[in-house]
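Comments concern the structure below.
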Amino acid sequence: MEKELVEFLVRSLVDRPEEVSVNVVEGEKSTILELRVAEDDIGKVIGKQGRIAKAIRTILSACATKDGKRASLEILD
(Lines give C-alpha, C1' and ligand atoms only; values in the text may rest on other atoms or scores of the structure.)
Protein backbone atom coordinates (compact mmCIF):
# COMPACT_ATOMS: atom_id res chain seq x y z
CA MET A 1 0.00 0.00 0.00
CA GLU A 2 2.74 2.47 0.97
CA LYS A 3 4.71 1.77 -2.21
CA GLU A 4 1.77 2.57 -4.47
CA LEU A 5 1.02 5.73 -2.50
CA VAL A 6 4.58 7.07 -2.85
CA GLU A 7 4.70 6.15 -6.55
CA PHE A 8 1.43 7.98 -7.20
CA LEU A 9 2.47 11.11 -5.32
CA VAL A 10 5.92 11.33 -6.92
CA ARG A 11 4.72 10.56 -10.46
CA SER A 12 2.31 13.48 -10.11
CA LEU A 13 5.22 15.82 -9.35
CA VAL A 14 7.95 14.90 -11.85
CA ASP A 15 8.44 15.57 -15.57
CA ARG A 16 9.50 11.99 -16.35
CA PRO A 17 7.13 9.69 -14.41
CA GLU A 18 8.33 6.59 -16.29
CA GLU A 19 11.69 6.86 -14.48
CA VAL A 20 10.18 6.76 -10.98
CA SER A 21 10.98 3.56 -9.10
CA VAL A 22 10.34 2.59 -5.49
CA ASN A 23 12.20 -0.31 -3.89
CA VAL A 24 10.82 -1.71 -0.63
CA VAL A 25 13.26 -2.98 2.01
CA GLU A 26 11.50 -4.84 4.81
CA GLY A 27 13.17 -4.69 8.23
CA GLU A 28 12.25 -6.29 11.54
CA LYS A 29 10.41 -3.29 12.91
CA SER A 30 10.09 -0.96 9.95
CA THR A 31 9.90 -0.66 6.19
CA ILE A 32 12.24 1.52 4.15
CA LEU A 33 11.12 2.79 0.76
CA GLU A 34 13.98 3.73 -1.55
CA LEU A 35 12.91 6.26 -4.18
CA ARG A 36 14.76 6.86 -7.44
CA VAL A 37 13.79 9.52 -9.96
CA ALA A 38 15.44 11.09 -13.02
CA GLU A 39 18.41 13.28 -12.13
CA ASP A 40 16.69 16.50 -13.21
CA ASP A 41 13.53 15.63 -11.21
CA ILE A 42 15.21 15.30 -7.79
CA GLY A 43 14.64 18.98 -7.02
CA LYS A 44 10.93 18.65 -7.71
CA VAL A 45 10.65 15.75 -5.26
CA ILE A 46 12.69 17.40 -2.50
CA GLY A 47 11.26 20.91 -2.89
CA LYS A 48 12.50 24.14 -1.38
CA GLN A 49 14.16 23.44 1.97
CA GLY A 50 12.87 19.86 1.76
CA ARG A 51 9.22 20.78 2.18
CA ILE A 52 7.80 18.40 -0.43
CA ALA A 53 9.95 15.49 0.78
CA LYS A 54 8.84 16.19 4.36
CA ALA A 55 5.18 16.25 3.28
CA ILE A 56 5.54 12.92 1.44
CA ARG A 57 7.23 11.41 4.52
CA THR A 58 4.42 12.69 6.76
CA ILE A 59 1.74 11.12 4.55
CA LEU A 60 3.73 7.88 4.38
CA SER A 61 4.14 7.79 8.15
CA ALA A 62 0.42 8.38 8.72
CA CYS A 63 -0.48 5.60 6.30
CA ALA A 64 1.94 3.15 7.93
CA THR A 65 0.83 4.06 11.45
CA LYS A 66 -2.76 3.32 10.49
CA ASP A 67 -1.62 -0.22 9.64
CA GLY A 68 0.40 -0.48 12.87
CA LYS A 69 3.77 -0.26 11.10
CA ARG A 70 6.66 2.17 10.70
CA ALA A 71 7.88 3.37 7.32
CA SER A 72 10.55 5.76 6.11
CA LEU A 73 11.44 7.23 2.74
CA GLU A 74 14.94 7.55 1.33
CA ILE A 75 15.50 9.56 -1.82
CA LEU A 76 18.47 8.09 -3.70
CA ASP A 77 20.67 9.87 -6.23
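Overview of values
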item	result
Test result for Ile59, within 16 Å of Glu4 (Cβ to Cβ) and either open to solvent by 50 Å² or more (accessible area, probe 1.4 Å) or modelled with pLDDT of 95 or more (or both)	yes
Exclusive hit being at pLDDT below 95, under 17 Å from Ser72 (Cβ atoms), over 14 Å from the mean Cα position of the chain (by Cα) and of a type outside the set (Lys, Arg), set Glu28, Glu2	Glu28
Answer from Arg57, Arg16 - the residue that is charged (D, E, K, R) and touching a Leu at 6+ places or on another chain (Cβ under 6 Å)	Arg57
Selection within the range 19-56 - touching a residue at least 40 places away in the same chain (Cβ under 8 Å) and open to solvent by 60 Å² or more (accessible area, probe 1.4 Å)	Lys29, Arg36
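The values are calculated or read from the model by the stated rules, or taken from the named source; none is laboratory data. Computed from a predicted structure; not experimentally measured. FYI the Cβ positions are ideal-geometry reconstructions off the backbone, even for glycines, and counts take in every protein chain you see. Only protein heavy atoms, including side chains, enter the accessible area calculation; ligands, DNA and RNA are left aside. Shrake-Rupley method; radii C 1.70, N 1.55, O 1.52, S 1.80 Å.
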